[in-house]
1. Which FRET efficiency, nearest 0.05, do ILE71 and LYS147 yield, Cβ-Cβ r, R0 25 Å?
2. At a Förster radius of 41 Å, what calculated FRET efficiency corresponds to the Cβ-Cβ distance of ASP140 and VAL96, to the nearest 0.05?
3. Tell me the label only: which of [x] 17.1; [y] 19.3; [z] 16.0 is Kirkwood radius over Cα pairs in Å as calculated from this structure?
4. For an R0 of 25 angstrom, estimate the FRET efficiency from the Cβ-Cβ distance between ASN172 and GLU35 and round to the nearest 0.05.
5. Separation of the stretch 99-140 and the stretch 11-70 by C-alpha centroid, Å?
6. Could you give the length gained by full extension between GLU25 and THR124, i.e. 0.36 nm per residue of separation minus their alpha carbon distance, to one decimal place?
7. Of the DSSP beta bridges with both residues in the chain, give the percent that are antiparallel, rounding to the nearest 5.
8. Would you please name the GluC sites (Glu not before Pro) within the stretch 1-80 that are DSSP coil residues with at most 13 other C-beta atoms within 10 Å of their C-beta?
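None of the figures in this text is laboratory data; all of them are computed from the coordinates on show. None of these values were measured; they are calculated from a predicted model. Note that each Cβ is placed from the backbone with ideal geometry, even for glycine, and that neighbours are counted across all protein chains shown.
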Amino acid sequence: MGANLITLQEYKAYEGITSTTQDVEIATIIPKVSEFVKNICRRTFVDWVDDAKTEVLNGGTCLLLGEAPIIAISGVEKSENYGQSYTDLVEFSDWVLDSENQQILPINRTEFPYLINGYRITYTAGYGMIPEDLKLAVLDLVTYYMKNQGAVQSQIAVTTGNAQVQYLNQSNLPGHIKRVLDLYVLNYN
């Protein structure tokens, strides 16, 4: 698990909580909710803002990175020997960053030739400060779990012969939370 998307203090201020009686429960839920949101959105938002991330890709019409928005690319390298050694590719000669679409494009060719472990990219990405709408969705999601609304719920009475289990997934989220998270899903289409 990486960095949390909100802090205990932010949540308590949002909910107007001044006592410490729920601190342990809240502190237990925050990392789980942060990880849940990161999984839904397919990115970490804050984990690679200060520390460089390195990804190894095989090539194609462009190189799509696993984090966004891209802050800076410190290196794009190519390997002809399955990743045993790499040589630097030069920005604006071999590649260029398409900031709008968050992808690296080749220059003077239509694609990066397919090479197993052929391209190593080192970069930083994410948000120095979580966008306020995303933060609000995370705060509300913590409240959702604090009120046990994410627990198994049954619409029918459980008797000896029947039982019903309802699992929470992205489509079961409250609409106002789901709408915000949908804005931040990293989509590769």
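1. Numbers: r = 36 Å, r/R0 = 1.46.
My answer for the efficiency is 0.10.
2. On the way: r = 39 Å, r/R0 = 0.96.
After rounding to 0.05, the efficiency reads 0.55.
3. The value matching this structure is [y].
4. Numbers: r = 17 Å, r/R0 = 0.69.
For R0 = 25 Å, the calculated efficiency reads 0.90.
5. 15 Å
6. Working: separation 99, 0.36 × 99 = 35.64 nm, distance 3.26 nm.
Full extension from GLU25 to THR124 adds 32.4 nm.
7. Details: 22 of 23 bridges.
Counting DSSP beta bridges with both partners in the chain, the antiparallel share is about 95 percent.
8. Working: sites: GLU10, GLU15, GLU25, GLU35, GLU55, GLU67, GLU77, GLU80; in loops: GLU67, GLU80.
The qualifying sites are GLU80.
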